[in-house]
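Asks: Here it is, the structure in full.
The values are calculated or read from the model by the stated rules, or taken from the named source; none is laboratory data. Source: prediction; values computed, not measured. Positions of Cβ are generated from backbone atoms using ideal geometry, with glycine treated the same way; all protein chains shown enter the neighbour counts.
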Number of protein chains: 2
Amino acid sequence: MEATSNEFLRGTLKTIVLKLLAEHGRMYGYEITQSVKDRTNGEITLTFGALYPVLHKLEQEGFLLTESEEVDGRLRKYYTLTPSGSATAIQKVSEFERFVEAMQILLKPTEGGLSLSPL
Amino acid sequence: MEATSNEFLRGTLKTIVLKLLAEHGRMYGYEITQSVKDRTNGEITLTFGALYPVLHKLEQEGFLLTESEEVDGRLRKYYTLTPSGSATAIQKVSEFERFVEAMQILLKPTEGGLSLSPL
DNA sequence: ATTGTATATATAAAAAACTTATATATATTT
DNA sequence: AAATATATATAAGTTTTTTATATATACAAT
């Protein structure tokens, strides 16, 4: 069950991060990648090169707060949502649901035309 | 019912174009934008600046064939799928469905934690 | 001992994708 | 005559993402 290169992940990164933080309350970067990988059975994997810039951007935009903590001699940076981050999380998730509904209209199998799944 | 800026559209453009062509058999660029807009009630709108480069790229990759036709004194460029284009259309749609399923796992409302939709 | 793996964050260079602006041109409606 | 709809296209700029790289600790295996 290999994860596809997932071009579809484009544009959904912020939404995933905000939603996970809304749910977990407090997470650090590495934990986010592991959580996504575990919960989707490896279907979706976030790369660090993509994740960290997104986290920094969300922080800049006032959606996240950070607190650094030393655990086992290693530095961990915990992220939590600000009120506006919480609001944005809810909004983004609902926008994504709306987008998916629209996509389903476009992608659903058709009866007429040159069907992808002929009956 | 305004279309959101739709960052989510990122990465789905090729899939939409291939699927529409698989269904309609033959379409021109402008027709594709109108079809998407009409069928999704304006929820998804493709811009020309994004669409034409994608069409040209898909053609380069051997997924599309073009035939130009003059209609009412205006030039129209019709696109049709090649066999590999048809195969890719099917594949992309199924990859998208898989991606959405994985996303639903991440985005579904939770019972524990800081819930987005508390019961 | 040292190699490899897991944990942990981060940046820089490069590529890809997309937005916005612009250009061109005809037909139809106001 | 002006605005709108139809029709394709490119260029400049921005954003996003990938890939590569750097740093550092802990633990397990050899």
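Asks: Listed residues B:Leu107, B:Leu81, B:Leu75, B:Leu9; which is of a type in the set (A, V, I, L, M), more than 15 Å from DNA strand C (Cβ to nearest atom) and either under 28 Å from A:Glu43 (Cα atoms) or more than 10 Å from chain A (Cβ to nearest Cβ) (or both)?
Replies: B:Leu107
Asks: Filter the stretch B:29-45 for residues that are more than 14 Å from chain A (Cβ to nearest Cβ) and either buried (at least 18 other Cβ atoms within 10 Å of the Cβ) or touching a Leu at 6+ places or on another chain (Cβ under 8 Å) (or both) and give the result.
Replies: B:Gly29
Asks: Can you say whether B:Glu97 is under 14 Å from the mean Cα position of the chain (by Cα), closer than 30 Å to A:Ala22 by Cα and at pLDDT 95 or above, as far as the supplied structure shows? Break it down into steps so the answer makes sense when it comes.
Replies: Details: under 14 Å from the mean Cα position of the chain (by Cα): yes; closer than 30 Å to A:Ala22 by Cα: yes; at pLDDT 95 or above: yes.
For B:Glu97, the condition - under 14 Å from the mean Cα position of the chain (by Cα), closer than 30 Å to A:Ala22 by Cα and at pLDDT 95 or above - is met.
Asks: So, one more: Quick one: which of A:Val93, A:Val17, A:Val100, A:Val54 is part of a helix (DSSP H, G or I) and without any contact (Cβ under 8 Å) to a residue 24 or more places away in the chain? First the steps, then the outcome.
Replies: Working: A:Val93 fails: without any contact (Cβ under 8 Å) to a residue 24 or more places away in the chain; A:Val17 fails: without any contact (Cβ under 8 Å) to a residue 24 or more places away in the chain; A:Val54 fails: without any contact (Cβ under 8 Å) to a residue 24 or more places away in the chain.
Checking each option against the conditions leaves just A:Val100.
Asks: Go through (1) within 14 Å of chain A (Cβ to nearest Cβ); (2) within 15 Å of DNA strand D (Cβ to nearest atom); (3) acidic (Asp, Glu) and name the single condition B:Glu69 misses.
Replies: Single failed check for B:Glu69: (1).
Asks: Let me ask something else about it. In the stretch B:29-64, what residues are of a type in the set (Lys, Arg) and farther than 15 Å from B:Leu81 by Cβ?
Replies: Listed by number, the residues that qualify are B:Lys37, B:Arg39.
Asks: From (1) more than 8 Å from DNA strand C (Cβ to nearest atom); (2) in a loop (DSSP other than H, G, I, E, B), pick out the condition that doesn't hold for A:Glu70.
Replies: If we test A:Glu70 against (1) more than 8 Å from DNA strand C (Cβ to nearest atom); (2) in a loop (DSSP other than H, G, I, E, B), just (2) comes out false.
Asks: Only one of A:Val54, A:Val36 is of a type in the set (A, V, I, L, M, F, W, C) and near DNA strand D (Cβ under 10 Å from one of its atoms). Can you tell me which?
Replies: One residue alone meets the criteria, A:Val54.
Asks: Which condition number does A:Phe48 fail, the rest of (1) in contact (Cβ under 8 Å) with a residue 12 or more places away in the chain; (2) out of contact with any Lys or Arg (no Cβ under 7 Å at 6 or more places or on another chain); (3) within 13 Å of another protein chain (Cβ to nearest Cβ) being met?
Replies: (3)
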